[in-house]
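Heads up: the structure comes next, in structure tokens.
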Amino acid sequence: MRSLLPLLLLIVVGAACGAKTTAHTTTVAPRPTPAFTQAVVSSNWSGYVARRTQGGGFDRASGSWTMPAISCATGDGSSAAFWVGIGGWGRSSPSLEQLGASGDCTPSGAPSLRLWTEIVPAPPIFLPLRLAPGDHVTATVSVAKGSVTFDLRNATRGTHYTHTTRERRALDVATAEWIAEAPSLCRTISECEVVPLSDFGTVRFTNVLASGSGVSGPLGAPTWRVTPVALIGSTGSSRYIAATNPFGAVPQPPAPGGRAFTIAFRRSLGGAVPARPLPGAPLPAWIR
């Protein structure tokens, strides 16, 4: 997979909190309510990002999706990736631990589907498992004491992959993500190209869960602050070379309970990329 970094462009934060009092005006401890910030726009991510509102990080993130059919045209070179991850959201983030699937359009116009793991800034590792449109995939990323465990199940084919790796570098656990991505290619640290996003129609994430500091829950968990991320075309940004991604993708509101949401491909989407987008996860070591 050719993912690189979430290029966060505009962040507007809002929060909600609440308190209860009894009929006799005796004050009880405030009970946090789910906090959804206003949406942000990105050059290559669409979905939801969760942060803890009471400190600490995440040790586990999981989600399921049915692999969508990728629409390809001859020579379009487009791609789309769908993944669950931990870390990688902040502009100074040292890592991004992610597990997912991608559909790359070959020069002949045929989609090539692959499963992979990745700990950015290292390159991805592709898994020797078959994947086809309609396959139901469940991905879980766990981080504990410098180790990362990837667990992937394809319920349609009855296949399973699990692997634990020990990392010497610092691991970012500040956020958890459920994302559809337009992958990126970087030739130098300043010359990057977001690959055109493939038309995937819609993809629906289900069984959305994460845990950290002994608290587990879906997107509506009261100790999380959740940010919707919309992907807009990257053409016009000074960080990118010409002929990059013109398409977009938008996350729909979560279902009641916060355990599911849908991301929809958009052939045209209003908005423009600022001239100086903020970098998210670091560039891969292999381009330096």
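The values are calculated or read from the model by the stated rules, or taken from the named source; none is laboratory data. Just so it is clear, the model here is predicted, and its values are computed rather than measured. Virtual Cβ from ideal backbone geometry, glycine too; neighbours counted across all protein chains shown. Ligands, DNA and RNA are excluded from the accessible area calculation, which covers all protein heavy atoms including side chains. Shrake-Rupley method; radii C 1.70, N 1.55, O 1.52, S 1.80 Å.
The residue of region 126-142 that is nearest to Gly56 (Cα to Cα), among those that are assigned to a strand (DSSP E or B) and open to solvent by 20 Å² or more (accessible area, probe 1.4 Å), is Ser142. Taken over region 41-61, the criterion of being crowded, with 21+ Cβ neighbours inside 10 Å and assigned to a strand (DSSP E or B) is satisfied by Val41, Ser42, Trp45, Ser46, Gly47, Tyr48, Val49, Ala50, Ala61. Taking first residues from region 37-52 that are over 25 Å from Ser216 (Cα atoms) and partners that are among the acidic types (Asp, Glu), the Cβ contacts under 8 Å between residues at least 6 apart in sequence or on separate chains come to Asn44/Glu181. May I ask you to verify whether Ser216 is at pLDDT below 95 and assigned to a strand (DSSP E or B)? Yes.
For region 143-173, residues that are open to solvent by 50 Å² or more (accessible area, probe 1.4 Å) and part of a loop (DSSP other than H, G, I, E, B) total 8.
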